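Notes follow the structure.
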Amino acid sequence: MSADDLLFTSGARAIARSVNRRERSAADIAEAVRVALPERDRDLGAYLTLTPDLMRQHARRVDERIAAGETLPLAGVPVAIKDNMCLRGTRTTCGSKMLENWIAPYTATAVGRLLAAGALPIGKTNMDEFAMGSSCENSALRTTRNPYDFDRVPGGSSGGSAAAVGAELATLALGSDTGGSIREPAAFCNVVGFKPTYGRVSRYGLIAFASSLDQIGPFARTVEDAALAYDAIAGYDPLDATSLNAPNEPTADALRTDLRGMRVGIVKEFGTADLGPAIHAAYAQAYADLAALGAELVEVELPTAKYGLATYYLIAPAECSSNLARFDGVRYGLRVDGADVGEMYEKTRAAGFGDEVKRRILIGTYALSSGYYDAYYVKAQKARTAIADDFKRAFARCDLIASPAASTPAFTFNAKSDPVAMYLMDYYTIPVSLAGLPALSVPCGAVVPEDGTRPMPLGLQLAAPLFSERLLLGAAHAYERATQHALKLPRPQIAKAP
């Protein structure tokens, strides 16, 4: 394996250590990525925009800071950024024709913190339009493929970020998670995807889908690297009104090797028998592995979890309807002229938004409309509170909750053209999001889908009480280290078969 190939397979800690020790310069890493990445991503389609000049600028700054005596936690680590996060001077599209040519005038706080820690920005990754989807098929700009089977989706909405890390085209990536958009693609692409507690990571500079649910988090190939990235981006930000003004405990120093003394909840309502024999067996083994590491498995109940999907698909579209009202052709983004202002609005939004975005705007506008607000939106908010209360009661009996991260492994393109079938993919992740809890997906094995010939990865979702990131990442590291599932699959694809 060449030095450049090793760059694409090395972890964040190893890269940062070598750069901090001046064994390799950040400038050399940036140049290797710049040369290799366009060809490596040609068929996978993880990136919408590459930023080689910006990457080299940051690399020079990293080398200068290290020469001046600084030690940077992510020195020289190549990172990918989901294209709904602003990065000054770069195209920021949200995977939509509405913002296809929009250039961000400022940088999102989480992105800025990652770069301040020494990371190198490779580029912006593909996504479901405005983060609305579970497969990455809703992007208006490019098709992204699963690195373990190019005929299958990478998951969504953060599909480009998950595919980039899974295909070894980035060491770390940032994604956003509203109802499962980090955890589900992480499961599909055999990587770790971490959604922190709502408010732990600033949303400033994240183009909003559903403001009370959106949360930025990292993708990585190991829990340790995810912890390093989280520690870099977490913390209070006065520019974000929802940011938690409280001390943020570091997590990278809290990684465990066993689960002794911990209680792990298995949710009665989150059964896996209906997912098929192979998937059921894989999760049964995952729970057994947790027990083998010393955890006590306890059954817990979430009786309102069954209302999660209905609750989410009222609250999220309502917030989407309000947030996306700004895209009207007047101030920024796409503009399609009309005979008058009303026609201009109509033509712009008809041309700029895709079907799924329009569907959610319609649902949300209806739920907020006069005469229906109390019947739908207010009831959904009450259900959300009931779901959060159920989690509190469950966590009185356990330290973590384990469940699947997605209802199936990665599926083929166009296999879920029915919107409801797509929404059901997030059955296990949405209740966690509604409660604002920290959660992650860690590889837990693989199965051969009924319509496939090669094994596809599965993810184990671990969720923790509010503000328990140290506990969650520590436990996930113990499971990952003991099972090593991510390393058991063949190397990912980076090009189509000839």
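Matching residues to (1) under 18 Å from the mean Cα position of the chain (by Cα); (2) among the small types (Gly, Ala, Ser):
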| site | (1), (2) |
| --- | --- |
| 365 | no, no |
| 371 | no, yes |
| 390 | no, no |
| 396 | no, yes |
| 400 | no, no |
| 408 | yes, no |
| 425 | yes, no |
| 441 | yes, yes |
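One residue alone among 316, 310, 288 is over 25 Å from the mean Cα position of the chain (by Cα) and modelled with pLDDT of 95 or more, and that residue is 288.
For residue 95, the criteria (1) at positive phi; (2) free of Cβ contacts under 8 Å to residues at least 24 places away in the same chain; (3) of a type outside the set (A, V, I, L, M, F, W, C) hold in every case but one, which is (2).
For region 220-243, give me the residue count where each residue is among the aliphatic types (A, V, I, L, M), in contact (Cβ under 8 Å) with a residue 60 or more places away in the chain and out of contact with any strand residue (DSSP E or B) (no Cβ under 6 Å at 6 or more places or on another chain). Count: 4.
Among the residues of region 16-40, the ones that are among the aliphatic types (A, V, I, L, M) and touching a Lys or Arg at 6+ places or on another chain (Cβ under 8 Å) come to 3 in all. Scan region 260-284 for residues that are under 25 Å from the mean Cα position of the chain (by Cα) and in contact (Cβ under 8 Å) with a residue 60 or more places away in the chain and jot them down. Within region 260-284, 264, 265, 266, 267, 270, 272, 275, 279, 282, 283 qualify. Taking the criterion of being closer than 21 Å to residue 408 by Cα, buried (at least 24 other Cβ atoms within 10 Å of the Cβ), modelled with pLDDT of 95 or more and touching a strand residue (DSSP E or B) at 6+ places or on another chain (Cβ under 9 Å), would at least one residue in region 115-124 satisfy it? Checked against the condition, which is being closer than 21 Å to residue 408 by Cα, buried (at least 24 other Cβ atoms within 10 Å of the Cβ), modelled with pLDDT of 95 or more and touching a strand residue (DSSP E or B) at 6+ places or on another chain (Cβ under 9 Å), region 115-124 yields no hits at all.
Screening residue 76 against (1) modelled with pLDDT of 95 or more; (2) at negative phi; (3) under 23 Å from the mean Cα position of the chain (by Cα); (4) not β-branched (Val, Ile, Thr) leaves a single unmet condition, (2).
Is at least one residue of region 417-437 surrounded by 15 or more Cβ atoms within 10 Å (Cβ to Cβ), polar (S, T, N, Q) and under 29 Å from residue 326 (Cα atoms)? Yes, there is a match, as at least one residue in region 417-437 is surrounded by 15 or more Cβ atoms within 10 Å (Cβ to Cβ), polar (S, T, N, Q) and under 29 Å from residue 326 (Cα atoms).
Scanning region 144-157 for residues that are crowded, with 23+ Cβ neighbours inside 10 Å and of a type outside the set (A, V, I, L, M) yields 144, 145, 146, 147, 148, 152, 154, 155, 156, 157. For residues in region 10-40 being of a type in the set (Asp, Glu) and buried (at least 16 other Cβ atoms within 10 Å of the Cβ), which is farthest from residue 80 (Cα to Cα)? Ranking the qualifying residues of region 10-40, first place goes to 28. Based on what the data block shows, is residue 458 in contact with a His (Cβ under 9 Å, 6 or more places away or on another chain) and in a strand (DSSP E or B)? Against the criterion (in contact with a His (Cβ under 9 Å, 6 or more places away or on another chain) and in a strand (DSSP E or B)), residue 458 qualifies.
Restricted to region 288-397, the set of helices (runs of 4 or more DSSP H) holding at least 1 residues that are in contact with an Asp or Glu (Cβ under 7 Å, 6 or more places away or on another chain) and under 30 Å from residue 105 (Cβ atoms) comprises 341-352, 355-368.
Restricting the first member to region 360-373 and to residues that are surrounded by 18 or more Cβ atoms within 10 Å (Cβ to Cβ), and the second to residues that are among the aliphatic types (A, V, I, L, M), the beta-carbon pairs closer than 7 Å and six or more apart or on different chains are 360/132; 361/324; 364/318; 367/314; 367/318.
Only one entry in 239, 141, 169, 174 is part of a loop (DSSP other than H, G, I, E, B), of a type in the set (A, V, I, L, M) and crowded, with 24+ Cβ neighbours inside 10 Å, namely 169. Residues of region 117-145 that are of a type outside the set (Gly, Ala, Ser) and either closer than 17 Å to residue 172 by Cα or out of contact with any Gly (no Cβ under 9 Å at 6 or more places or on another chain) (or both): 120, 121, 122, 124, 125, 126, 127.
The values are calculated or read from the model by the stated rules, or taken from the named source; none is laboratory data. Because the structure is predicted, anything quoted here is derived from the model rather than measured. All Cβ positions, even for glycine, are placed from backbone atoms using ideal geometry, and neighbour counts span all protein chains on display.
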